[in-house]
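To start, the structure itself, in structure tokens.
Each value in this text was obtained by applying a stated rule to the coordinates, not by laboratory testing. Everything numeric here is computed off the predicted structure, so don't read it as measured data. Cβ placement follows ideal geometry from the backbone for every residue including glycine, while neighbour counts extend to all protein chains displayed.
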Amino acid sequence: MHPAIRAAGKTTAATAHARSASLPHEHPHPVLAHLDDSIHALRSWLARGAAGQSSGIALVDATLAALGELLALPQAVAALHAAAATACDQILEMLLVLADAYSTFLSALVTLKQSAAELQVGTRRGDGAMVAASLRAHRRTEKELCRLVTTMRHAARGTLRTLDAKNSEVIGIVADVAAATVEASASIVMGCAAMSADMPDLFQKVPSNKWLARLSVRPPAKKAAPETAMAALERLEKLVECIDGPETGSEKVFRRLLQSRVSLLNIITPF
């Protein structure tokens, strides 16, 4: 295997040295060069401030797609056969943690979208109880997303810190992909959690709508001020649009992670 991956992020010096001690760096395998570029693009997105959750998820998806190409190489298969079983098991566990995280993330995005739709209905109807319930659902989902970030980072630290990749270049490469994916995914999830963080303030700042400010039931005949309802509805519409991209992208990433795990499992499992 050719060491085309640069020592990006938190790659250890030992791993970087092991890679540089292989074939001439000026002739990388095209698949490894592509994976290298994908990781670099993902880390560059993070370095620029991780702007745009949809863009970030697309880069994660591209990186995992490149990883899939790597795992299909005969050289990678041979290297993984020779790798320590413990290291392979740790990588499998890390991929499972990430897949579970994206499954939870996808469910949370669906919930955010649903509560935003209910907020739209409640705002149009002037239904304070419905608005209050929808805002509570928003807050619960935001907290769930924050917990998800903590879980992902904790699992990654526990797995990648103890991972011994110095004797397997491919394990080191997969670990690099996992580390970059965790780092980017944490930023993506936090960004999505912040999408609707201003939602309670949007409803509470308008003094003419006391039912919104108090988040309590109001007489049915009392309607929200048109300008207030319009501002809220416009904000909610933008929120739904912002969720659409990450929702579609997270489903793709979830499937990529499962595919990567299955590929690795098939490689290391004896027939």
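Can you tell me how much longer the chain between residue 237 and residue 55 gets when fully stretched, taken as 0.36 nm per residue apart minus their C-alpha distance, in nm with one decimal?
Taking residue 237 through residue 55 to full extension adds about 63.5 nm, to one decimal.
By how many nm would the segment from residue 230 to residue 89 lengthen if fully extended, with 0.36 nm per residue of separation less the alpha-carbon distance?
Length difference between fully extended and current span is 45.4 nm.
Would you work out if region 106-175 is rounded, prolate or oblate? Take a ≥ b ≥ c from the square roots of the eigenvalues of the alpha-carbon gyration tensor; rounded if a/c is under 1.5, else prolate when a/b is larger than b/c, oblate otherwise.
Prolate shape, in that a/c is at least 1.5 and a/b is the bigger ratio.
Applying 1/(1 + (r/R0)^6) with R0 = 41 Å to the Cβ-Cβ distance of residue 37 and residue 114, what FRET efficiency is obtained, to the nearest 0.05?
The computed FRET efficiency comes out at 0.65.
Per residue of region 55-62, in order, report the coupling 6.51 cos²θ - 1.76 cosθ + 1.60 (Karplus, θ = phi - 60°) as ³J(HN,Hα) in whole Hz, putting x for Gly and Pro.
Result, ordered by residue: 5, x, 5, 4, 5, 4, 4, 5 Hz.
Could you calculate the contour length gain from residue 266 to residue 103, that is, 0.36 nm times the residue separation minus the distance between their Cα atoms, to one decimal place in nm?
Values: separation 163, 0.36 × 163 = 58.68 nm, distance 2.22 nm.
Computed gain between residue 266 and residue 103 is 56.5 nm.
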